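Input: a single structure, listed below in structure tokens.
The values are calculated or read from the model by the stated rules, or taken from the named source; none is laboratory data. Values in this document were obtained by computation on a predicted structure and should not be read as measured data. Neighbour counts are summed over all protein chains in view; Cβ atoms, including those assigned to glycine, are modelled from backbone coordinates with ideal geometry.
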Amino acid sequence: MSETTRSLLMRTLLSGHASLRSRLARRLGPELADDALQETWIRLETRGSLAPVRNPDAYLFRAALNAAGNLLKGENRRLSQLDIEMLLNVADDAPGPATIAEDRASIAVVERVMTELTDRQRTIFEEAFLGDASHHELAERFGISVRMIQKELKHGVDLCARRLKRGKSVRIGAAGLSDQKDA
């Protein structure tokens, strides 16, 4: 914006502030009119170049209306107090310190159980729960039957369940889970 155009618009805004505010307040309400005029002033101060303006009053009125529209759009993007309260009241799904401590203790128990298993039992246990080998693949690797793989796995699972003081262990021989070739 050339300095003469900027000067003309700033003088017009200062001299006609009361009437411009009155016109805007009828259309937008007093608070939004004040905010729009403030925003218009800031934009005039910081704006780059602009061609000369024929009607400074109409230009300023339109600029203030545009500023008010932008302020309203920005306000609509913000969360309401109710939205904020709802977000703050969302339950935290993260485990608390007690759950973390309990889980760490359970992992330590399972790690101790793993040291009590034979190498074959440990490998079968790890591959069945942590790896991606099926019972058939494990049976072929060790040269034993799928049923023997299931027995070795059940031994490890039952030992973990007893040490963790959990009454029931998982059913290892379920046809849908362990007998599938691509499990």
Exclusive hit being more than 30 Å from K165 (Cβ to Cβ), in contact with a helix residue (DSSP H, G or I) (Cβ under 9 Å, 6 or more places away or on another chain), of a type in the set (K, R) and in contact (Cβ under 8 Å) with a residue 40 or more places away in the chain, set R47, R43, R11, R23 = R47
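Return the residues of the stretch 69-90 that are among the β-branched types (V, I, T) and exposed (fewer than 10 other Cβ atoms within 10 Å of the Cβ); say none if nothing qualifies. It would help to see each step written out before you state the result.
The first filter runs over the stretch 69-90 and keeps only residues among the β-branched types (V, I, T), leaving 84, 90.
Across the stretch 69-90, the qualifying residue is only V90.
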Output for the stretch 1-26, where each listed residue is basic (K, R) and exposed (fewer than 14 other Cβ atoms within 10 Å of the Cβ) = R11, R26
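Can you work out which of the residues in the stretch 91-150 that are among the β-branched types (V, I, T) and assigned to a loop (DSSP other than H, G, I, E, B) is surrounded by the most Cβ atoms within 10 Å (Cβ to Cβ)?
Filtering the stretch 91-150 for residues among the β-branched types (V, I, T) gives 99-100, 107, 109-110, 113, 115, 118, 123-124, 144, 146, 149.
Checking which are assigned to a loop (DSSP other than H, G, I, E, B) leaves us with 118, 144.
Values: T118: 11, I144: 15.
Restricting to residues being among the β-branched types (V, I, T) and assigned to a loop (DSSP other than H, G, I, E, B), the top hit is I144.
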Output the residue which, of all residues in the stretch 164-180 that are surrounded by 15 or more Cβ atoms within 10 Å (Cβ to Cβ) and closer than 25 Å to A105 by Cβ, is modelled with the lowest pLDDT.
-> I172
For A128, which of the numbered conditions (1) in contact (Cβ under 8 Å) with a residue 24 or more places away in the chain; (2) more than 22 Å from L159 (Cα to Cα); (3) of a type in the set (A, V, I, L, M) fails to hold?
-> (2)
